[in-house]
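Okay, so here's the structure we're looking at.
The values are calculated or read from the model by the stated rules, or taken from the named source; none is laboratory data. Because the structure is predicted, anything quoted here is derived from the model rather than measured. A quick note on method: Cβ atoms are made from the backbone with ideal geometry, for glycine too, and the neighbour counts reach across all protein chains shown.
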Ligand SMILES: *Cc1c(COP(=O)(O)O)cnc(C)c1O
């Protein structure tokens, strides 16, 4: 069977990012200052972020130009290929057409460099010397470390302790790019020391690691903070994915009926979906959007939409999002990633407006989908990406039952080469399904800040 792929030339790399804020039927609820609870201003954010990124964060302009310096770096691996999953379609015996956008061809193996590169660029242009950030399994840390090395910036990464100990290869990648990687919670920050005082064996969480990185940025003039997901400007940078897909599907003479993306903080989902949603909101074709999360961290499907902090020590602004509470610590035996307690405000808003559906899937079904995908298409998806693949398989099976020839577009946001321990555990039968208990959710609800 011939491989069908859609490739774009360098000239077709998008010249602008797409900002969904311009087309939303209802404006995004404002982000609030944690002290005054008034809408946040660009001055409030100045100690944390580069000015250009703050402008993008608050912008409602539809198209924002991608700087030439950024495009030159992105061109190393972009435009990324769009494949038709012919062998998977055949294995599933489905009438549906499945396409996957392959973001695993970037230097660090995921979509994250799409935003790491512009974030590092703007900080360097504004004279910043060092960037502080957090990372879970290490995908964001390694992507930002790569981008910082391109632009000559120092990079300090707080890595969730359980991953720091269990995932030496991502750590080694950060080392290779010249970054400094610290296990979080650490004794290098006030927030870290406070957590350790209460719980010396704390294995960490993204919320805690964010507190440490934000604290370092806020208390050092030459340092700014970068985040790999959730924020408006991060989602904006990821729209190159969907913008390329629009052109590639036009080459294929096709248009998606449904688009599937996994959601941790929401950036790869937004990156592939928002350009299509924008077309729809401007009077174009209808398309179903599907955000897929793990049952072990069911932010969109079980977390309330409420104002909450982005971090555990409550140093960040308050954002209106689906949340499991900023004290959320994921179960240790959940192997599929996507462990953040919150969700991008823009993604939460889109779901709230009924413009997208959300779905939670258990980890065994996800790893099974990852194996089926690998055996059909040859690519081993990142554990996160298996959530999108599992949902696409569900859709393809529905199409078979209903005898419908729908077009399914999946964001295959990264490869799983550094996550093979999770596949080993799955194949050895060591993983089990786990749904986050409702009592925990009720408890988190009661602890939300009153706004
Ligand atoms: C970080 C990451 C995710 C989760 O983040 P989003 O912002 O939801 O995209 C998903 N997949 C991969 C491969 C990642 O590296």
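Being within 14 Å of the ligand (Cβ to nearest atom), modelled with pLDDT of 95 or more and farther than 17 Å from residue 233 by Cβ is a condition met by at least one residue of the range 146-153. When 257, 201, 286, 221 are screened for being without any contact (Cβ under 8 Å) to a residue 12 or more places away in the chain and under 24 Å from residue 394 (Cα atoms), only 286 passes.
Could you tell me whether residue 264 is near the ligand (Cβ under 8 Å from one of its atoms) and under 21 Å from residue 114 (Cα atoms)? It is true that residue 264 is near the ligand (Cβ under 8 Å from one of its atoms) and under 21 Å from residue 114 (Cα atoms).
Taking the criterion of being under 20 Å from residue 338 (Cβ atoms), within 16 Å of the ligand (Cβ to nearest atom) and touching a strand residue (DSSP E or B) at 6+ places or on another chain (Cβ under 7 Å), would at least one residue in the range 418-436 satisfy it?
Initial filter on the range 418-436 (under 20 Å from residue 338 (Cβ atoms)): 418-426, 430-436.
Those left that are additionally within 16 Å of the ligand (Cβ to nearest atom): 418-423.
If we keep only those that are touching a strand residue (DSSP E or B) at 6+ places or on another chain (Cβ under 7 Å) as well, we get none.
No: zero hits.
Being within 12 Å of the ligand (Cβ to nearest atom), farther than 26 Å from residue 85 by Cα and modelled with pLDDT of 95 or more is the requirement here; does residue 388 meet it? The answer is no for residue 388. Being surrounded by fewer than 24 Cβ atoms within 10 Å (Cβ to Cβ) and either closer than 18 Å to residue 103 by Cβ or within 11 Å of the ligand (Cβ to nearest atom) (or both) is a property that holds for residue 248. Among the residues of the range 110-133, those identified as within 12 Å of the ligand (Cβ to nearest atom) and over 18 Å from residue 178 (Cβ atoms) are 110, 111, 114, 115.
In the range 187-198, the condition of being closer than 17 Å to residue 330 by Cβ, assigned to a strand (DSSP E or B) and more than 16 Å from the ligand (Cβ to nearest atom) is met by no residue.
A quick yes/no check of all residues on (1) modelled with pLDDT under 95; (2) farther than 18 Å from residue 137 by Cβ; (3) surrounded by 23 or more Cβ atoms within 10 Å (Cβ to Cβ):
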position	(1), (2), (3)
313	yes, yes, no
329	yes, no, no
336	yes, no, yes
365	no, yes, no
374	no, yes, no
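Taking the listed residues 288, 282, the one that is closer than 16 Å to residue 410 by Cβ and more than 16 Å from the ligand (Cβ to nearest atom) is 288, with no other qualifying. Here is a check on your reading of the model: is residue 436 over 29 Å from residue 99 (Cβ atoms) and buried (at least 18 other Cβ atoms within 10 Å of the Cβ)? For residue 436, the condition - over 29 Å from residue 99 (Cβ atoms) and buried (at least 18 other Cβ atoms within 10 Å of the Cβ) - is met.
For the range 216-228, the tally of residues that are crowded, with 24+ Cβ neighbours inside 10 Å and either more than 16 Å from residue 44 (Cα to Cα) or within 16 Å of the ligand (Cβ to nearest atom) (or both) stands at 3. Only a single item in (1) touching a helix residue (DSSP H, G or I) at 6+ places or on another chain (Cβ under 8 Å); (2) not in a helix (DSSP H, G or I) is not met by residue 417, and it is number (1).
Tell me which residues, restricted to the range 89-109, are within 14 Å of the ligand (Cβ to nearest atom) and within 29 Å of residue 253 (Cβ to Cβ). The answer is 100, 101, 102, 103, 104, 105, 106.
Of all the residues in the range 377-403, those that are surrounded by fewer than 17 Cβ atoms within 10 Å (Cβ to Cβ) and touching a helix residue (DSSP H, G or I) at 6+ places or on another chain (Cβ under 8 Å) number 2. Kindly indicate whether residue 183 is outside any loop (DSSP other than H, G, I, E, B), touching a residue at least 24 places away in the same chain (Cβ under 8 Å) and farther than 20 Å from residue 384 by Cβ. Against the criterion (outside any loop (DSSP other than H, G, I, E, B), touching a residue at least 24 places away in the same chain (Cβ under 8 Å) and farther than 20 Å from residue 384 by Cβ), residue 183 qualifies.
Under the condition of being touching a residue at least 60 places away in the same chain (Cβ under 8 Å), in a helix (DSSP H, G or I) and touching a strand residue (DSSP E or B) at 6+ places or on another chain (Cβ under 9 Å), the residues counted in the range 349-374 number 6.
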